[in-house]
Amino acid sequence: MSIQQNLSEIKSSLPENVTLVAVSKTKPISDLMEAYNAGQLIFGENKIQEMTEKWESMPKDIQWHMIGHVQSNKVKYMAEYVSLIHGVDSFKLLEEINKQAKKNQRVINCLLQIYIAEEESKFGLDESELNQILTSEEFKQLKNINIVGLMGIATFTDNQTQIKMEFQNLKLIFDKFTVHNSQFTILSMGMSSDYKLAMECGSTMVRIGSSIFGERNLKI
């Protein structure tokens, strides 16, 4: 099927409260424009340089989401335009995002990444680290960031029971912290292989790439 057909099929399966992020990393602008012309306005990238090049070339009503691991020294390149940064996993990174947002006279929305997978390669905070950040006086001084929710990535496995348990755990943490953080409206979990399960577990934002654009070149 075409990108447009893939998008149409996926969107028809999403509840109204779930936002679709089209993961366009490594894909050419022509593919993104096909999705854009089909009505998709939110794209997710995992490399800041690639995202910036696409932002410079594409329509300015697009929302760009940084979904990959973020290096502090590269925040400045996306601070002018990024709509949402998904994978914030340290207070040091929050400070840098705040600094660069202030330089650009912006408030940048962020999601704090929670470690839920049984894989050492994944990044993220545990529940106690999350609480420590959100209740610290230093955090309250950061006026140019807005924490709008949490995100997490499940273990890369075919074990659906394990994936479901990890998603449910993240939903429990999200619900617990939403009580004291009313701006928490986004729970970003679920990708092409597990987004339907993620939605069953309470996800409000899914990150889907290969099911829209086809498999990507793993060498890139």
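The values are calculated or read from the model by the stated rules, or taken from the named source; none is laboratory data. Note that this is a predicted model, so its numbers are computed, not measured. A quick note on method: Cβ atoms are made from the backbone with ideal geometry, for glycine too, and the neighbour counts reach across all protein chains shown. SASA here: full protein model, heavy atoms, side chains in, ligands and nucleic acids out. Shrake-Rupley method; radii C 1.70, N 1.55, O 1.52, S 1.80 Å.
Quick notes on this one:
- Semi-axis lengths, Å, the range 19-151, gyration tensor of Cα atoms, sqrt of 5 times eigenvalues: 26, 17, 12
- Relative contact order [Cα under 8 Å, 6+ residues apart], the range 62-220, whole percent: 17 percent
- Among the chymotrypsin sites (Phe, Trp or Tyr not before Pro) within the range 129-199, those in coil by DSSP and having at most 15 neighbouring Cβ atoms inside 10 Å are F156.
- FRET efficiency for S193 and S12, using Cβ-Cβ distance with R0 set to 22 Å, rounded to 0.05: 0.70
- The calculated FRET efficiency for the pair T157 and N37, based on their C-beta separation and a Förster distance of 41 Å, comes to about 0.70.
- Amide N of the range 74-113 lying under 15 Å from the label point, which is placed 7 angstrom from the Cα of E137 along Cα→Cβ: none
- Cα centroids of the range 123-154 and the range 25-70: 26 Å apart.
- Max mean-square fluctuation residue, GNM over the chain, Cα-Cα springs under 10 Å, options S24, S203, S12: S12
- For D126, the solvent-accessible surface computed with a 1.4 Å probe is close to 70 Å², ligands and nucleic acids excluded.
- Taking each residue as 0.36 nm, the span from K164 to Q49 lengthens on full extension beyond its C-alpha to C-alpha distance by 38.0 nm.
- Residues in the range 63-70 carry Karplus couplings, in order, of 9, 9, 10, 8, 10, x, 5, 9 Hz; the curve used is 6.51 cos²θ - 1.76 cosθ + 1.60 with θ = phi - 60°, and Gly or Pro positions show x.
- The residues of the chain expose, per residue, 51 Å² of accessible area to a 1.4 Å probe.
- Rounded percent of accessible protein surface that carbon and sulfur make up, the chain, 1.4 Å probe: 47 percent
- When the surface is traced with a 1.4 Å probe over the full set of protein chains, T185 keeps roughly 90 Å² accessible.
- When the GluC sites (Glu not before Pro) in the range 148-220 are filtered for DSSP coil states and for at most 10 other beta-carbon atoms within 10 Å of their beta-carbon, the remaining sites are E215.
- Database remark: amide H of I147 closer than 5 angstrom to the amide H of C110 (H placed geometrically; neighbours at sequence offset of 5 or more, or on other chains; Pro and chain starts carry no H).
- Restriction of the trypsin sites (Lys or Arg not before Pro) in the range 1-95 to DSSP coil positions whose beta-carbon has at most 13 other beta-carbons within 10 angstrom yields K60.
- Taking each DSSP H run with n ≥ 4 as -39500 (n - 2.57) and averaging over every residue of the chain yields -10500 deg cm²/dmol at 222 nm.
- Residues with amide H under 5 Å from that of Q40, placed H, sequence gap 5 or more: none
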